[in-house]
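Accompanying notes for the structure given below.
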Amino acid sequence: MPPGRKRRAVYDAGSARQLPGVLVREEGGRAVRDRAVNEAYNTSGRMYDFMSRTYGRNSIDGRGMRLDSSVHFGVRYDNAFWNGSQMVYGDGDGRIFNRFTGCIDVVGHELAHGITQHEAGLRYQGQPGALNESFSDVFGSLLKQWVKKESAARADWLIGAGLFTRRIKAAGLRSMKAPGTAYDDPIIGRDPQPAHMKDYYEGDEDNGGVHINSGTPNHAFYLAAAAIGGYAWEKAGRVWYAALCDRLPPESSFSQAARVTAAVAGELFGRGGRVEQAVKNGWKQVGVTG
Amino acid sequence: MKITFERSGGFTGLRLAAEIELAMLAESEFGRLSQLVGDSGFFDLPEQILSKERQPDRFSYRLTVAEDGRTHTVEVDEEAVPEKLAPLIGWLTEKVGPKDISR
């Protein structure tokens, strides 16, 4: 694969909801005074580097697509999203949430949604939707671990640490190591993520609980990575990446993801080997496989 | 008039939910909210306004307005919010504070 070239553009939406907004920084351009702009620029660049050096991927579409980000979307907007062609970040309401560009893994999460769209295309509903969310948390967390050069044993496995203001009693927004324990606070309540299938959310909100049920495949990934040891992006991450790119169909269920990742682990690192076993055990411990 | 407002989804997955009895509001808020409901043509909106291709991490809303013996519920995806409904959702999002976040 020829080496790719990193191209970035950051826009200022100026508190409006029109995208992309005004272009404020382009590839190679100097840092500006606006922290959110520089964070979106720098972190999307690190995600590009991570995916390129670790998995040989050239950008979101694998073909060098420019990484476009808009910051200052809406007024006190407490969210970040991928709109199908770019990343979009709000400033947070300042009461509960800080700005969304401040967390490395949030930026990685949004960019990963773009990769998923171009690869498995997991439908954003129910189990494929929760897998879509989980892949974004996995690669968001791996980006953070790669930047900090942390082993699976040392990483905090939190998503959105630092996203909440100091008023909120929270370690982060989600915990892959211990889903359901990221926050417990009088204002926002408790982290609802299930670590195990027995607590699967069956309701219809949030596209069938895509941000809730993602806790279960997140935990399966953590368990596999922790059992394998070392840097999580090297083996567990490679298995998940190959499954996402080459094997999972858009309507994948959790049990399909379990079968596919175990098969890929066998192909990449030896059939019946330690990695395959760790992946199988991970899915078994969260109740996806018997 | 009573309005029930729910927001789910988003990157954070934190749910917002509130019930607003308009008679309990200050006069200025009462006037503004009544106007926003009227401007949105709420009772003529379809029950579901869904985006063809859901964008990851966008919000979903469910609004119910009860007035003079009639009730109407609208489910709408953030990226599909009609222009005339946007100001009402904006007002409700601002109004519904941290205390109304619940799971």
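The values are calculated or read from the model by the stated rules, or taken from the named source; none is laboratory data. Computed from a predicted model, the values in this text were never measured in an experiment. Glycine gets a Cβ as well: all are built from the backbone with ideal geometry, and neighbour counts include every protein chain shown. Calculation scope for accessible area: heavy atoms of the full protein, side chains included, ligands and nucleic acids excluded. Shrake-Rupley method; radii C 1.70, N 1.55, O 1.52, S 1.80 Å.
How big is the charge dipole of the stretch A:9-118 about its Cα centre, in debye rounded to the nearest 20, if each Lys and Arg gets +1 on its Cβ and each Asp and Glu gets -1 on its Cβ?
With Lys and Arg at +1 and Asp and Glu at -1, about 120 debye.
Residue-wise, which Karplus ³J(HN,Hα) couplings in Hz belong to the stretch A:29-46, taking 6.51 cos²θ - 1.76 cosθ + 1.60, θ = phi - 60°, and x for glycine or proline?
Couplings: x, 5, 4, 10, 6, 7, 4, 4, 4, 5, 5, 4, 5, 5, 6, 5, x, 5 Hz.
Return the Cα extents of chain A along principal axes one, two and three, sorted largest first, each rounded to a whole Å.
Computed over the Cα atoms, the extents are 53, 52, 34 Å.
Any of A:198/B:84; A:144/A:284; A:169/B:84 with alpha carbons more than 32 Å apart? Name them for me.
Check vs 32 Å cut-off fails for A:198/B:84; A:169/B:84.
Report, for chain A, the % of DSSP beta bridges that are antiparallel, rounded to 5.
For chain A, the DSSP antiparallel bridge percentage is about 65.
Report the charge-dipole magnitude of the protein assembly as shown in Debye, nearest 20, computed about the Cα centre from +1 at each Lys and Arg Cβ and -1 at each Asp and Glu Cβ.
1960 debye
Can you give the local net charge around residue A:255? Use residues other than it whose beta-carbon is closer than 13 angstrom to its beta-carbon, Lys and Arg +1, Asp and Glu -1.
Local charge sum for residue A:255: +2.
Inside 10 Å of the C-beta atoms of B:57-65, what's the mean count of C-beta atoms belonging to other chains?
That average works out to 4.
Leaving out ligands, DNA and RNA but keeping every protein chain, what accessible area does residue B:2 have, in Å² rounded to the nearest 10, with a 1.4 Å probe?
My reading of the accessible area for residue B:2 is about 70 Å².
Can you give the angle from 0 to 90° between the axis of helix A:104-118 and the longest principal axis of chain A, with both taken from C-alpha atoms, to the nearest 10?
The answer is roughly 70 degrees.
Compute the FRET efficiency between residue A:153 and residue A:184 as 1/(1 + (r/R0)^6), taking r as their Cβ-Cβ distance and R0 = 25 Å, and round to the nearest 0.05.
After rounding to 0.05, the efficiency reads 0.50.
Mind ranking A:132-142, B:66-76, A:11-21, A:117-127 by how tightly packed they are, going by the mean number of other C-beta atoms within 10 angstrom, highest first?
My ranking of the peptides, most packed first, is A:132-142, A:117-127, A:11-21, B:66-76.
Summing +1 for each Lys or Arg and -1 for each Asp or Glu, what net charge is found among the other residues whose Cβ lies under 13 Å from the Cβ of residue B:22?
-3
Where only protein heavy atoms count, and the probe is 1.4 Å, what is the accessible area per residue for the stretch A:1-116 in Å²?
Value for the stretch A:1-116: 41 Å² per residue.
Cα centroids of the stretch A:232-290 and the stretch A:149-228: how far apart, whole angstrom?
20 Å
Determine, from the Cβ-Cβ distance of residue B:21 and residue B:86 and an R0 of 30 Å, the FRET efficiency 1/(1 + (r/R0)^6), rounded to the nearest 0.05.
After rounding, the FRET efficiency stands at 0.80.
Step through the residues of the stretch B:47-52 one at a time and calculate ³J(HN,Hα) from phi using the Karplus curve (6.51 cos²θ - 1.76 cosθ + 1.60, θ = phi - 60°), rounding each to whole Hz and writing x for Gly and Pro.
Each residue's phi maps through the Karplus curve to give 5, 10, 10, 10, 7, 5 Hz.
Please give the peptides A:165-176, B:19-30 ranked by average Cβ packing (other Cβ atoms within 10 Å per residue), highest first, as a rough proxy for protection.
Those peptides, ordered most packed to least, come out A:165-176, B:19-30.
On average, how many beta carbons from a partner chain sit within 10 Å of the beta carbon of a residue in A:197-210?
Taking all residues of A:197-210 together, the mean is 3.
Search the structure for amide H atoms under 5 Å from the amide H of residue A:11, placed 1.01 Å from N in the peptide plane, and list their residues when 5 or more places away or on another chain.
Residues meeting the amide H criterion: A:24, A:69, A:70, A:71.
Toward the positive end of the charge dipole of the stretch A:9-118, about the Cα centre and with charges on Cβ (Lys, Arg +1; Asp, Glu -1), which of A:18, A:45, A:65 goes farthest?
Checked the options; the winner is A:45.
Ignoring ligands, DNA and RNA, please state the percent of accessible area on the stretch A:9-118 from carbon and sulfur, probe 1.4 Å.
Here carbon and sulfur together make up 42 percent of the probe-accessible area.
Roughly what would the spin-label model give for residue A:118 and residue A:6, points 7 Å off Cα along C-beta, in nm?
1.6 nm
Averaged over A:77-90, how many beta carbons belonging to a partner chain fall within 10 Å of each residue's beta carbon?
4
Roughly how much accessible area, to the nearest 100 Å², goes out of reach of solvent when B and A pair up, both sides summed, probe 1.4 Å?
Looking at B and A, the buried total is near 2500 Å².
In what sequence, highest mean first, do A:154-160, A:271-277 appear when ranked by Cβ atoms within 10 angstrom?
A:154-160, A:271-277
Testing the spin-label approximation: label points 7 Å from Cα along Cα→Cβ at residue B:28 and residue B:72. State their distance in nm.
So the label points at residue B:28 and residue B:72 sit 2.9 nm apart.
Below 13 angstrom from the Cβ of residue B:43, what's the summed charge of the other residues (Lys, Arg +1; Asp, Glu -1)?
Once all neighbours under 13 Å are counted, the net charge is -3.
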